[in-house]
Amino acid sequence: MDIRKQVGIVFQNPENQIIFNQVEDEIRFPLENLKLNHIEERIKQALKKVGLEGKEKKEAYTLSLGQKQRLTIASVLAMNTSYIVLDEPTAMLDPKGKDEIYKIVKNLKQEGYTIIYITNVIDEILLSDEIWLMEEGQIKTTFAKRDILEHIEEMKQSDIKIPEILTMLQELKKQNIPIELEEWTMQELTRKLIKIYQNNSKETM
């Protein structure tokens, strides 16, 4: 098995990964190098998935840093790899650029892609389904995101700053108000708290 056809990697700095002047050439090169078929269609579909459709002829150097990172993701998607490794993909991006990457990751997960997301940004662990804590190059522990509240103390022992939303969920659970989230965002938590308050108000009327 040729691992290059199974695993695609996106690094922190897209400017160190992009080597061609034109957007479509950046995606075409690995496809031709691996002698893959349907190259033009692969390029078109990959750019669409990262929100860069119609930019095939655009010069890569004119893209924003966030767009460049999305281009590197498109290059991986075009190869239709089984695994996508994102190595701190938002490390150099502004908030808008980060949100764009988060949206892409969520969409790819829904499409069935297997994504290995490496990060030092603790809030980004909530993008995952399974979490692996690593220490000195070794896997310390693994657990499903749905069980994350049971591992808060373990994360603290590893000097991991706990995301605010997890602290709130933990406190609510102590007050016998367990809440299950799907998107794991403050917006979703707020909506569910409002719904609980409204239901309780109706019951007391």
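When Tyr117 is tested against (1) part of a helix (DSSP H, G or I); (2) within 17 Å of Pro14 (Cα to Cα); (3) within 9 Å of the chain's Cα centre (by Cα), only condition (1) is not met. Give Arg28, Arg4 a once-over and let me know the one that is farther than 30 Å from Glu183 by Cα and modelled with pLDDT under 95. Being farther than 30 Å from Glu183 by Cα and modelled with pLDDT under 95 holds for just one of Arg28, Arg4, which is Arg4.
Have a look at Thr72, Thr90 and point out the one that is within 19 Å of the chain's Cα centre (by Cα), assigned to a helix (DSSP H, G or I), buried (at least 20 other Cβ atoms within 10 Å of the Cβ) and among the hydroxyl-bearing types (Ser, Thr, Tyr). Explain how you work it out, then say what you get.
Details: Thr90 fails: assigned to a helix (DSSP H, G or I).
Exactly one residue qualifies, and that residue is Thr72.
Residues are listed down the side, and each one gets a yes or a no for (1) under 16 Å from Tyr113 (Cα atoms); (2) crowded, with 16+ Cβ neighbours inside 10 Å; (3) not charged (D, E, K, R):
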residue	(1), (2), (3)
Pro14	no, yes, yes
Ile19	no, no, yes
Arg28	no, yes, no
Leu36	no, no, yes
Ile39	no, no, yes
Glu53	no, no, no
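Using beta carbons and a limit of 8 Å, which pairs, at least six apart or on different chains, have the first residue in segment 44-66 and at positive phi and the second one hydrophobic (A, V, I, L, M, F, W, C)? Filtered contacts from segment 44-66: Gly51/Ile104; Gly54/Leu47. When Pro95, Pro14 are checked against the criterion of being at negative phi and touching a residue at least 24 places away in the same chain (Cβ under 8 Å), Pro14 stands alone in meeting it.
The values are calculated or read from the model by the stated rules, or taken from the named source; none is laboratory data. It should be emphasised that the depicted structure is a prediction, and the values quoted were computed from it without experimental measurement. Note: ideal-geometry Cβ built from the backbone for every residue, glycine included; neighbour counts use all protein chains shown.
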